[in-house]
Structures are given as C-alpha cells and as structure tokens.
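A.B. asks: Here you go, one structure.
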Amino acid sequence: MVLEDIARTVVVKMQQIPQLSLLPVAELEKIPLGRLRRDATRLHAVCRYQKGVRKSEISGPNDVRCVDLHPAALTVDWQRYAEFLLYHEYLHALGFAGHDRTFRDLEALWPDEEARTMGKSFGNHLRTRAAKWLWTCPQCSKEYARNRRGRGRYRCRECSIALVDVKAEAVKPKA
Ligand SMILES: [Zn+2]
Ligand SMILES: [Zn+2]
C-alpha cells in the first residue's frame, strides 16, 4: 500500500463528512507522510508538530511537520485500519489536539465502523510479530505471545493446563 494513496482516499472520505466541511481538509494532503519503526509495538501512528508549536496552539495542517504510520498497517489486511489511523491523526492536524469529548465525537464520524474497533487486534498482531516466545497450550493449541520464557509456570486460560514454551522464530510467518 502506498501511503499517498491511502491519504488521498482518507481526504476524499473526509470531504464527504458534513461536520468537517468548514475545516481545511484539502490542505491535509500537503502534510508529509512517514513510517514508524518496524519494531514499534505501542504506537500505531503519530502526528508530529512543527518545532516550537505547542499542542494547545495547533491551528491547522501548517503546524504539522509530518504524520507517521506503522509500516505493518500498510498491508492489504490492515488497510482499513490504516485509513482510520490516518483519519485520527488528521483530526489532530486540524487543531483537535487532545482526546477530549469533541475529538471522540469527530472520530466516531468515520464511516467504516469496523475499522474504528481494529486497534486492539492490530496491537495483538504487533505483539505477536515481536514476541520471542509463544507459551503454547498442549491441549487447545492457544498461543500466548511473550518476550520471556514461561518455564511451565503459567496455565492456559481456557484449559488450565501448563503452557509449554515454543520459540516464536520457528513458527512466525515472514512479515
Ligand atoms: Zn491521538
Ligand atoms: Zn488450552
């Protein structure tokens, strides 16, 4: 997925949201786009402001240096979530700096309802990619992605059976 194409799609969709019609939505396309580090696991996207500009002083896209998205979101599987992430960061770029009530109301206007709830599964996806160990249930095969060994001290939430350590590299698909 090319970031600029996703950005174009998002801007077009935003131009169809009546509540945003008085805001400089077309200017959002001028904001440089970038990628977070591949191994980032907590941050999914970020809106970076120009040097010296405080969050409370953001008045529009000109105060934004760039918007970065997680590279793992730029795949066919996660494209809808990538669009929503960009929408979220673009709202910040329009001057809605914090995650207050107004911001959440605007965020809820994104037409792809399912995409708005994909954050949790994307987080799990990132943790699984990054994990060194999969604590695996010998009974139901459920895997718990972790960075340290469990050494048999933890039990499956479903079966209460002691989990076995499996090295993640051995089973991880190439991302
Ligand atoms: Zn935010
Ligand atoms: Zn189990």
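A.B. asks: Starting from a Cα-only point model with no solvent, please compute log10 I(q)/I(0) by Debye for segment 131-170 at q = 0.14, 0.22, 0.34 1/Å.
C.D. replies: Ignoring solvent entirely, the Cα scatterers give -0.23, -0.55, -1.17.
A.B. asks: Now a separate question. How many angstrom separate the Cα center of segment 55-69 from the Cα center of segment 103-131?
C.D. replies: 21 Å
A.B. asks: So who's got an amide H within less than 5 Å of the one on residue 64, skipping anything under 5 residues away but keeping other chains? H placed 1.01 Å off N, in plane.
C.D. replies: Residues meeting the amide H criterion: 50.
A.B. asks: If each residue's Cβ is checked for other Cβ atoms within 10 Å, how do 25, 164 rank with the fewest at the top? Don't skip to the answer; put the middle values down first.
C.D. replies: Values: 25 21, 164 13.
With the sparsest Cβ surroundings first, the list reads 164, 25.
A.B. asks: Once you list every other residue whose beta carbon is under 12 Å from the beta carbon of residue 62, what net charge do they have if Lys and Arg are +1 and Asp and Glu are -1?
C.D. replies: With Lys, Arg at +1 and Asp, Glu at -1, the net is -1.
A.B. asks: Another one. With a Förster radius of 25 Å, plug the Cβ-Cβ distance of residue 59 and residue 36 into 1/(1 + (r/R0)^6) and report the FRET value to the nearest 0.05.
C.D. replies: On the way: r = 25 Å, r/R0 = 1.02.
Efficiency, from the Cβ-Cβ distance: 0.50.
A.B. asks: Can you give me the angle between helix 119-130 and the longest principal axis of the chain, using Cα atoms only, in degrees from 0 to 90, rounded to the nearest 10?
C.D. replies: Orientation of helix 119-130: about 50 degrees from the principal axis.
A.B. asks: Another one. Summarise the long-distance tail of P(r) for the chain by giving the % of C-alpha pairs beyond 24 Å.
C.D. replies: Values: 6969 of 15225 pairs.
Considering the chain, 46 percent of its Cα-Cα pairs are separated by more than 24 Å.
A.B. asks: Another question about this same structure. If I fit a long axis through the Cα atoms of helix 79-93 and take the longest principal axis of the Cα atoms of the chain, what angle between them do I get, 0 to 90°, rounded to 10?
C.D. replies: In the chain, helix 79-93 runs at an angle near 50 degrees to the longest axis.
No value in this document is a laboratory result; all are computed from the given coordinates. Just so you know, these numbers come straight off a predicted model, no measurement behind them. Because the Cβ atoms are built from the backbone with ideal geometry, glycine has one as well, and the counts that use them run over all protein chains shown.
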